[in-house]
């Protein structure tokens, strides 16, 4: 009798919630980036100011991840799944700007002088300076600004399109995109390059047209002197094209002209050196391979978390 009661209790008893067992690969790689960047920050504590703010933000993000995991486990529905699988997109901009805070811990000065020298050696000029001089027409400038601005829309747009087309197939693709962002940010912290607009202190007149005015404001007021090598704008755009081609070919063909334009616009608008663009092309297959490998490894630790 007692044996039957024990079996019945086992069958009717609700499974206990275990946070660590319900973390998805995306959760784990985000937590890993937070931990690694925090340790890096602690190593360079003597060179940094106001670390408490960055620590508090990290604690808040970790708390939010835990809350989302808990709520998704307790109230599994479409909305919670949407938040759970796309929330890192909210923090991408913060982690990017933070690389400016972290970039000079190991290398005390920016490497722009060396990169500019390499540009002169390879091309015999500074492409980021002469590109806009060769093609100064306002219509072309506006086209370049449109392409550069499209990066912000493509980043979220491709992830959303893949997610809503086939949620099950989207997990790995979104992971590859987010993990690649983190890999670029690690490089930005280790290889401090600010970019031509900061190194040459080049100031242009405010563009004539709408998107030119928007990008002029962003580049002057919101852009941080960080993240030039390799270009994450180009690298992530190419990675987004890769995952779109696999899962959303219509989105791939729609976004492709803008992605090509981004490769030129980053140099034209002096956000990057030409070697940054080349570095991005080299980094893309490497980052895709690393992200894919990490996804499979982390998935083996939490195979049930994707049924959400």
Exercise for the section: For helix 112-123, report the angle its Cα long axis makes with the longest principal axis of the Cα atoms of the chain; keep it between 0 and 90° and round to the nearest 10°. Expected result: 60 degrees
Handout entry: residue 153-residue 90 pseudo-label distance in nm [points 7 Å out on the Cα-to-Cβ vector]
Key = 2.4 nm
Completion exercise
Asserting the computed 222 nm helical MRE of the chain (DSSP H runs at least 4 long, -39500 (n - 2.57) per run, divided by residue count, to nearest 500) equals -24000 deg cm²/dmol
Fill in the blank from the handout: Between residue 53 and residue 186, Cβ-based FRET efficiency (R0 22 Å, step 0.05) works out to 0.60
Completion exercise
Per the rule of 0.36 nm per residue minus the C-alpha distance, extending residue 31 to residue 208 adds in nm 59.4 nm
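Ranked by Cβ crowding within 10 angstrom, fewest neighbours first, how are 75, 163 ordered?
Values: 75 9, 163 20.
Result, fewest neighbours first: 75, 163.
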Completion exercise
Placing each pseudo-label 7 Å from Cα in the direction of the beta carbon, residue 167 and residue 97 end up separated by a distance in nanometres of 3.3 nm
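Sorted by average packing, counted as other Cβ atoms within 10 angstrom per residue and highest first, what order do 232-242, 166-176 take?
For the peptides 232-242, 166-176, the packing ranking is 232-242, 166-176.
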Exercise for the section: List the pair-distance distribution P(r) of the chain, using every Cα-Cα distance, as the percent of pairs falling in each 20 Å bin from 0 up to the bin containing the longest distance, rounded to whole percents. Expected result: 30, 53, 14, 3, 0
Exercise for the section: State, to one decimal in nm, how far the label point of residue 201 lies from the label point of residue 301, with both points 7 Å from Cα in the Cβ direction. Expected result: 4.7 nm
Exercise for the section: Please give the helix 88-102 orientation as an angle from the longest Cα principal axis of the chain, in degrees from 0 to 90, rounded to the nearest 10. Expected result: 50 degrees
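The numbers here are math on the coordinates, done by the rules we state, and not lab data. None of these values were measured; they are calculated from a predicted model. FYI the Cβ positions are ideal-geometry reconstructions off the backbone, even for glycines, and counts take in every protein chain you see.
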